[in-house]
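To keep things clear, I will list the structure first and then write my remarks on it.
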Protein chains: 2
Amino acid sequence: MNREAFRKISYGLYVVSSIQDGKFNGQIANSMFQVTSEPSTIAVSIAKENLTHAYIASSRVFSVSILAEDTPMTFIGLFGFKSGRDTDKFKNLKHRIGKTGAPIVLDHAVAYLEAKVVQELECGSHTIFVGEVADYDSLGNEAPMTYSYYHTVRKGKAPKTAPTYEREEPRATAAASRYVCTLCGYVYDPALGDPESGVPAGRAFEDLPADWTCPVCGAGKDQFEPEQ
Amino acid sequence: MNREAFRKISYGLYVVSSIQDGKFNGQIANSMFQVTSEPSTIAVSIAKENLTHAYIASSRVFSVSILAEDTPMTFIGLFGFKSGRDTDKFKNLKHRIGKTGAPIVLDHAVAYLEAKVVQELECGSHTIFVGEVADYDSLGNEAPMTYSYYHTVRKGKAPKTAPTYEREEPRATAAASRYVCTLCGYVYDPALGDPESGVPAGRAFEDLPADWTCPVCGAGKDQFEPEQ
């Protein structure tokens, strides 16, 4: 039983957004698929502990923004590793209100769909919401981000509430110069640097500026530990 | 509203298999995702009119074989465009019985998961079956087939019972030398030939051997029409 099997399931990377009492929230999701073609319905698996879950359960509408391959890690960090309870994720963000009343994230989106919840299924820690698609559009010709690309090329991780979250097993062989973010699992690899933040390849973790923060979740340097 | 939006959702390509009264059947699916991580559950959307639906509804078990990128179109045609009511799809096929009792297709699979149905949700033409994963394994290091690759590189289509099926709109500009399979939508393009069947690029449809068949669904030449 090799857990690699789960990592061979193909996914995209999406922002699922909703509204409650005039407030917007959204989160990263990968578990999304089309259920039927006539009428067009889509399903998403959302963690019950996430704020977006509460918003969808209340307003019965949601949108899905399909992210582009070149979406910055900081953007994914905002929607994937921060809670709308602490941050207004829609501040300074290009978005609009859709036909259903759900907010639609437009920044870094190659397409969107918005839907009204027609059915839901409680599955332990998550709920599958099935929505009938009310509107959709394509926003550009860039390649959509796949979960495989996010993992292998961008070195991204799944947050703890993701359906695809995996507990990290301690490694037998340590790479002393790599540092792991204890909040989101991002690994700072000096061989790669952090080009999105202007840190060139080859810079040691110890030589990063004091105000450098995790490109995924925004944690400070003090939240990092040497990789075990 | 550009339907291209739906085509930007990322999927893999899977064979979902089940058993009833000692008989095996399986079908191509792309709508599959992980629902929860503890316990590991997965969901599939299966058309009610498909034989595999009846088998899963009866035996409450199913397996998912994750197909490799180089899976032959004839194999996809067998599982995607032919019914187990007419054909024993498991004849001459490498497979084994899993822990749940479900058959697992091993040919062209890079990994598999098998599951016991714990919940289901009727959604019009389809049912979402949620299964708790009982066993899984990785079978190779080849790249998994993505739906995007199947469509854009392999020129594959969705069968009519797929959640992602789209009615083809007639084209305004005809390309007289291309022929379309009226059963599965496969397009014979003389510029590409049909290398899997030994037909080199550059051969006109009219010059194909009389016993040439559609590489996807096995239809005869007489089932083809000039592309409109």
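Within the stretch A:77-92, the presence of at least one residue that is more than 25 Å from A:GLU122 (Cβ to Cβ) and in contact with a helix residue (DSSP H, G or I) (Cβ under 9 Å, 6 or more places away or on another chain) is confirmed.
Scanning the stretch A:66-86 for residues that are of a type in the set (Ser, Thr, Tyr) and under 11 Å from the mean Cα position of the chain (by Cα) turns up A:THR71, A:THR74.
The residue of the stretch A:128-141 that is nearest to the other protein chains (Cβ to nearest Cβ), among those that are buried (at least 19 other Cβ atoms within 10 Å of the Cβ) and within 21 Å of the chain's Cα centre (by Cα), is A:TYR136. Taken over the stretch A:36-64, the residue count meeting the criterion of being without any contact (Cβ under 8 Å) to a residue 40 or more places away in the chain, crowded, with 24+ Cβ neighbours inside 10 Å and out of contact with any Gly (no Cβ under 7 Å at 6 or more places or on another chain) is 1. Identify the residue in the stretch B:92-127 that is among the hydroxyl-bearing types (Ser, Thr, Tyr) and farther than 20 Å from A:ARG3 by Cβ and, among all such residues, is farthest from the other protein chains (Cβ to nearest Cβ). Step by step, filter the stretch B:92-127, then rank; the result is B:THR127.
Among all positions in the stretch A:153-165, there is no residue which is surrounded by fewer than 21 Cβ atoms within 10 Å (Cβ to Cβ), over 16 Å from A:TYR55 (Cβ atoms) and at pLDDT 95 or above. Checking each residue in the stretch A:106-143 for being modelled with pLDDT under 95 and under 19 Å from B:SER31 (Cβ atoms) picks out no residue at all. Only one of the numbered conditions (1) closer than 26 Å to A:ASP21 by Cβ; (2) assigned to a strand (DSSP E or B) is violated by A:ASP137, and that is (1). Could you tell me whether B:ILE9 is among the hydrophobic types (A, V, I, L, M, F, W, C), touching a Pro at 6+ places or on another chain (Cβ under 9 Å) and closer than 21 Å to B:LYS91 by Cα? No. If you go through the stretch B:87-122 and keep only what is outside any loop (DSSP other than H, G, I, E, B), more than 17 Å from the chain's Cα centre (by Cα) and surrounded by 24 or more Cβ atoms within 10 Å (Cβ to Cβ), you end up with B:GLU114, B:ALA115.
Looking only at the stretch A:142-158, residues that are out of contact with any Asp or Glu (no Cβ under 6 Å at 6 or more places or on another chain) and either facing chain B (nearest Cβ under 9 Å) or among the β-branched types (Val, Ile, Thr) (or both) come to 7 in all. B:PHE33 meets all of the listed conditions (1) aromatic (Phe, Trp, Tyr); (2) crowded, with 24+ Cβ neighbours inside 10 Å; (3) in contact (Cβ under 8 Å) with a residue 12 or more places away in the chain but one, namely (3).
The values are calculated or read from the model by the stated rules, or taken from the named source; none is laboratory data. Every value quoted in this text rests on a predicted model; they were computed, and no experiment measured them. Here the Cβ is made from the backbone with ideal geometry for all residues, glycine too, and neighbour counts use every protein chain on show.
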